[in-house]
Amino acid sequence: MKDTHTKPMIVIDQVVKKFGSFTALHGISAEIREGEFFSLLGPSGCGKTTLLRVIAGFEPPTKGKVAIGGKDMSGIPANSRPTNMVFQSYAIFPHLNVEENVGYGLKTRKMSKADIARDVAEVLKLVDMESYGKRKAHELSGGQRQRVALARALVMRPEVILLDEPLSALDKKLRDQMQVELRSLQRSIGITFILVTHDQEEALIMSDRIAVMFDGRIEQLDTPEGLYRRPVNRRVASFIGVMNFLPAKVLGVTDQHVKLDIAALGQIDVPRHDIDPAFDIEAVDTIGVRPEMFTLLADADDTAQMKVQGEVVDSEYYGDMTYYSVRLAGHDTPVTISMRNTAGRSVVPPGSQVTVGWGADSIVVFKE
Amino acid sequence: MALRFDREAGQGLRLISLTLAYVLVMLAAPLLMVITFSFWTQDYLTIDTTLTLNNYREAWGTPIYQVLMWRSLKISLIVTVVTVLLAFPIAYYLSFHVTRRKALWLFLITVPFWTSYLLRVFLWKVILGYNGVLNSALLGLGFIDAPLTFILYNLNAVVITLAHAWAPFAILPIFVALEKIDRSLLEAATDLGDSPLRRFFRITLPLAMPGIVAATLIVLIPTVGDFITPRLVGGTDGLMISNMIQIQFGKANNAPLGAALAVSSMVVIGLISVGIFLVGKKLGGRVR
């Protein structure tokens, strides 16, 4: 799968975008591969939508350039670019019905009526909307509008489809369903998708690769797994999932290990192969542990590498999982621990004294 | 549920009762009187209340009334077209290109209303007159050798004066319709390959149609019945049906004929309005 993704479809080269005195993008560079599902993830105001609009041609970059399919897009207006967009509001034309909406761009291409009708019918079938062709925008539900907006982009057979928070207006259940549908649709047609989202879960589920953006910069560009397991800094770590941060001190560095003194967890050797060689190990002052890397140990369960005592402060029950807030001995701020609710395991009540197990290889190191 | 609805409806009725009574007394009653009058006959000071269609026969059959009706319609249609065509770019500019101080611009557009309409008509006389501002300026600049005479006391003067007077009424509804257009629709059209001009005709114009129809009706309906403007700047060529209605009620002392003319022009303009409304609905989308 990865090998088919090697050719760059979009090359973003040192793109700067300024609005007056405000800089929305600080020299962004990235390559998006052909056929890839690529996400721009970040909190609102991080510049992800601006970057998408620069790629679409709605905003000219102040500096830098964007190339699509090997062609420099500088000076090429949005209506001549091989990209099509699915807008956050869906932007379904209210005076046209579904077929007219989907066929809108084909009509501009001066295709014959019969060809337009054929392509429109085909793509409506693809998004499961073939029986809604004569409906107008106000007669459609949110999910149906979303499908029409997608169909309207797909029918143009663009090289890239740009999606600006396309699922944010849907309710949770429909959103989950559309995430899966969108993903499998993208796989089956093989068009490059670029998704803008502030929902880290959505990005993790759908993307081949994700660019995490803060304040107009890409902080990390990696696969979902890479982002989750090896976040480059605390900001990325806390944006993607939940991360427990504990202060740490470097005691010594050998070829194989880093010896750390971690608050509440004690002295341990962290294997160096998990750490980026370029990383300045001496400067480490914080470590991170994901909630699922801790375990609440039952008395009999004694296989964990390391153990520490703690007290359950609070718990949140999610059905399949329970999130515990546990104050570890020797550390004031409680850590979050997630446990799968398997058969025979009951929820531990607050106030209980527990033994927490963990492993050295579950640790991520950070510096300020 | 039904009970509660009734109570709410009753409450609503009480709330508007004062206005409703006012409207009934001042608008509906006079209208009914005019309609009733149009079926009566007047002989100097006595009113014959026998119902008759003679007034309508005269109103529709006499050439002078036909000429005046056609002219009224022609003038107000020209005024409407000119006004709406001039108002659209202003509304468009206001909606799409003014980013700050929109309120100030809207405020400035209403400035002409600060002076009485009569004064404004007289000002146009001063501007368009034989020795008026326009002629003096053009003469002084050497563009013309003799004062232009086709600009006052004729149809042109009526059109110019009315178009100016009604411009704000046309600008505002078009502006509101343009403001309501979701800007992402325009981006979507561009994204799907439309040039700005093509996009204008496929998205902006159809979606602005409700505003254009409203502007058209707002200008068309009152201008057909205007009688001050043609009286002051229209000369003899510019007289309209309302001037004749006024004469019938006054000098000619034939209120029933005046009423029949009034009702007739009301019916004609009503039918035209419905026609414009239907055409507009077909051309543009119902925007929701």
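The values are calculated or read from the model by the stated rules, or taken from the named source; none is laboratory data. Computed from a predicted model, the values in this text were never measured in an experiment. Glycine gets a Cβ as well: all are built from the backbone with ideal geometry, and neighbour counts include every protein chain shown. These accessible areas exclude ligands, DNA and RNA; they are computed on the full protein's heavy atoms, side chains included. Shrake-Rupley method; radii C 1.70, N 1.55, O 1.52, S 1.80 Å.
For region A:236-247, the condition of being open to solvent by 70 Å² or more (accessible area, probe 1.4 Å) and either modelled with pLDDT under 90 or touching a Lys or Arg at 6+ places or on another chain (Cβ under 9 Å) (or both) holds for none of the residues.
Residue-wise test of (1) aliphatic (A, V, I, L, M); (2) open to solvent by 30 Å² or more (accessible area, probe 1.4 Å); (3) under 30 Å from B:ALA103 (Cα atoms).
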position: B:ALA208; (1), (2), (3): yes, no, yes
position: B:VAL224; (1), (2), (3): yes, no, no
position: B:ASN253; (1), (2), (3): no, yes, no
position: B:VAL263; (1), (2), (3): yes, no, no
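Residue count for region A:326-346 satisfying the condition of being closer than 16 Å to A:MET293 by Cβ and surrounded by fewer than 16 Cβ atoms within 10 Å (Cβ to Cβ): 1.
Within region A:141-154, not a single residue is of a type in the set (Ser, Thr, Tyr) and either on the phi > 0 side of the Ramachandran plot or within 14 Å of chain B (Cβ to nearest Cβ) (or both). Would you mind listing the strands (runs of 3 or more DSSP E) fully within region A:32-101 where at least 2 residues are among the aromatic types (Phe, Trp, Tyr) and open to solvent by less than 30 Å² (accessible area, probe 1.4 Å)? Per the criteria, A:37-41.
Among the residues that make up region B:209-228, is at least one of them outside any loop (DSSP other than H, G, I, E, B), in contact (Cβ under 8 Å) with a residue 40 or more places away in the chain, within 11 Å of another protein chain (Cβ to nearest Cβ) and more than 24 Å from B:PHE122 (Cβ to Cβ)? The answer is yes; a qualifying residue exists. In region B:146-157 there is at least one residue matching the filter, namely being open to solvent by 50 Å² or more (accessible area, probe 1.4 Å) and either farther than 29 Å from B:VAL224 by Cβ or within 14 Å of another protein chain (Cβ to nearest Cβ) (or both). Would you point out the residue of region A:124-140, among those that are within 13 Å of chain B (Cβ to nearest Cβ) and in a helix (DSSP H, G or I), that is least open to solvent (accessible area, probe 1.4 Å)? Across region A:124-140, the extreme among qualifying residues is A:ALA137. The selection criterion, being in contact with a Gly (Cβ under 6 Å, 6 or more places away or on another chain) and farther than 30 Å from B:LEU185 by Cα, does not hold for B:VAL67.
Against the numbered list (1) more than 8 Å from chain B (Cβ to nearest Cβ); (2) out of contact with any Asp or Glu (no Cβ under 7 Å at 6 or more places or on another chain); (3) part of a helix (DSSP H, G or I), A:GLY105 comes up short only at (1).
Among residues of region B:177-196 that are facing another protein chain (nearest Cβ under 9 Å), those with a Cβ under 8 angstrom from a residue that is open to solvent by less than 10 Å² (accessible area, probe 1.4 Å) and of a type in the set (Lys, Arg), sequence gap 6+ or separate chain, pair up as B:ALA188/A:ARG152; B:LEU192/A:ARG152. The selection criterion, being within 14 Å of chain A (Cβ to nearest Cβ) and either more than 17 Å from B:THR62 (Cα to Cα) or not charged (D, E, K, R) (or both), holds for B:LEU283.
In summary, B:THR236 fulfils each of the numbered conditions (1) polar (S, T, N, Q); (2) at pLDDT 95 or above; (3) open to solvent by 30 Å² or more (accessible area, probe 1.4 Å) with the single exception of condition (2).
Residues in region B:169-200 that are over 30 Å from A:LEU162 (Cα atoms) and out of contact with any Ser or Thr (no Cβ under 6 Å at 6 or more places or on another chain): B:PHE169, B:ILE171, B:LEU172, B:PRO173, B:ILE174, B:VAL176. Against the test of being of a type outside the set (Lys, Arg) and more than 17 Å from the chain's Cα centre (by Cα), the options B:LEU217, B:LEU232 yield a single qualifying residue, B:LEU232.
Identify, from the list A:GLY75, A:GLY105, A:GLY42, the residue that is in contact with a Lys or Arg (Cβ under 6 Å, 6 or more places away or on another chain) and of a type in the set (Gly, Ala, Ser). None of the others qualify; the one that does is A:GLY42. Inside region A:330-346, residues that are among the β-branched types (Val, Ile, Thr) and in a strand (DSSP E or B) make up a count of 3.
If you go through region A:200-221 and pick out every residue that is on the phi < 0 side of the Ramachandran plot and open to solvent by 40 Å² or more (accessible area, probe 1.4 Å), you end up with 8. For region A:38-83, the candidate set comprises residues that are hydroxyl-bearing (Ser, Thr, Tyr) and within 26 Å of A:MET206 (Cβ to Cβ); within that set, the residue that is nearest to the other protein chains (Cβ to nearest Cβ) is A:THR83.
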